[in-house]
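Read the figures in this text as sums done on the coordinates, not as results from a lab. Owing to the predicted nature of the structure, the values given are computational and were not obtained by experimental measurement. Positions of Cβ are backbone-derived with ideal geometry, glycine not excepted, and every protein chain shown enters the neighbour counts.
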Amino acid sequence: MRITVNGLKVYYVIAGAVSRPAIVLIHGFPMGSEMWQSQIHALKRNYRVLAYDLRGQGRSETGDGQFTVESLVDDLIALLDELRIERAILSGLSMGGYVALRAIERYTDRVKGLILCDTRSEADSNEGKLARASTIKAIKKDGVRRFATSFLRDALSPSGFSDVRLVRAASRIICKNRPLGLCGTLLAVAARTDTSGFLPKIEVPTLILVGEQDRITPPDLSGRMHAAIQCSELHTISHAGHLSNLENPSDFNRRLLEFLYENFGGQ
Ligand code: MLT
């Protein structure tokens, strides 16, 4: 389904009964809501699950390509308003985590739980910003398909990258993206704020998951978030890199369901 928020058409899927606790799945870069298929399937019986494509990615519109993580938070809140979801559990993977952390910082009362997967609270270092600049150049020069392969080589564990079916499925999601949207997203991510100072103020139950072989947001960054967020629990997902929900969906979903059940009921 598509809905207009802040002047742009946003693609979303929603499943599960209205009476159930709402959980919003926010995807990473350069993906789309499709990356959450296994989690939607696992959660929809007991929760109201919303997954959507961020502005500039998947089937959502990009607009003029000039946006920030603040715009992505504005879109998330407008989407919740449109769908009449007052409070939600936000689950973000990597860039989705940047959006979730900034959303709870700006709209604390709208968030009743957090799930931070393969993400970090720190903003980009100078080195990180320069890497974004090179990626923008590479996408413009060589296109999305070639970028998909280099991204997956870094994002998946070595054994995940040798799994032809997994690589094909993830590439298919990435290749639905357009260069303008991906480059706009890279600029937005490079300009994001550092949310580390807010972590000690988080008072909602928080689950932190990280692939044991995550090289993009390595486990020690999750350890730092866990130390700073009082009401958090941290679990490492074995046999997984940065896209831990795709590489080891059974362990990922088990941790997700256990956390949700313990903190929000729903079974
Ligand atoms: C993501 O998975 O969202 C990206 O790898 C995040 C990033 O590049 O910082």
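Tabulated values for the structure
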read-out: Only Lys, Arg (+1) and Asp, Glu (-1) charged, at Cβ; region 2-264 dipole about Cα centre in debye; value: 880
read-out: Of S196, L83, Y47, farthest towards positive along the dipole that unit charges on Lys, Arg, Asp, Glu beta carbons give the chain; value: L83
read-out: D_trans [Stokes-Einstein, Kirkwood Rh over alpha-carbon pairs] for the chain, 10 °C, 1.306 mPa s, µm² s⁻¹; value: 87
read-out: Net charge of Cβ neighbours under 13 Å - reference D53; Lys, Arg +1; Asp, Glu -1; value: +3
read-out: Too-long pairs where the Cα-Cα distance tops 29 Å, listed order kept, from K129/K201; K112/K137; K112/K176; K137/K176; K44/K141; K44/K137; value: K112/K137; K112/K176; K44/K141; K44/K137
read-out: Estimated [θ] at 222 nm from DSSP helical runs (n ≥ 4, -39500 (n - 2.57)) normalised by residues in the chain, nearest 500; value: -13500 deg cm²/dmol
read-out: Antiparallel DSSP beta bridges within the chain, as percent of all bridges there, nearest 5; value: 25
read-out: For peptides 209-216, 62-69, sequence by mean Cβ density within 10 Å, most packed first; value: 209-216, 62-69
read-out: Overall dimensions of region 1-157 by Cα: Rg and Dmax, Å; value: 15.7, 48
read-out: Shape parameters for region 59-133, alpha-carbon atoms, Rg then Dmax in Å; value: 13.5, 41
read-out: P(r) of region 1-72 over all Cα-Cα pairs, binned every 10 Å from zero, in whole percent; value: 21, 49, 26, 5
read-out: Selection from P30, F252, T236, by position along the positive dipole direction of the chain (Cβ); value: P30
read-out: Contour excess over end-to-end distance, with Cα ends at A15 and E82 and 0.36 nm allotted per residue; value: 22.6 nm
read-out: Burial order of peptide ranges 194-202, 72-80 (average beta-carbon count within 10 Å, highest first); value: 72-80, 194-202
read-out: Environment charge of L243, counting only residues whose C-beta is closer than 11 Å and scoring Lys/Arg +1, Asp/Glu -1; value: -4
read-out: Highest average packing first - 33-41, 220-228, 99-107, Cβ atoms within 10 Å; value: 99-107, 33-41, 220-228
read-out: Spread of Cα-to-Cα distances over 5 Å intervals beginning at zero, given as percent, for region 160-256; value: 2, 12, 16, 17, 20, 18, 11, 4, 0
read-out: Summed residue charge, Cβ within 9 Å of A88's Cβ, Lys/Arg positive, Asp/Glu negative; value: +3
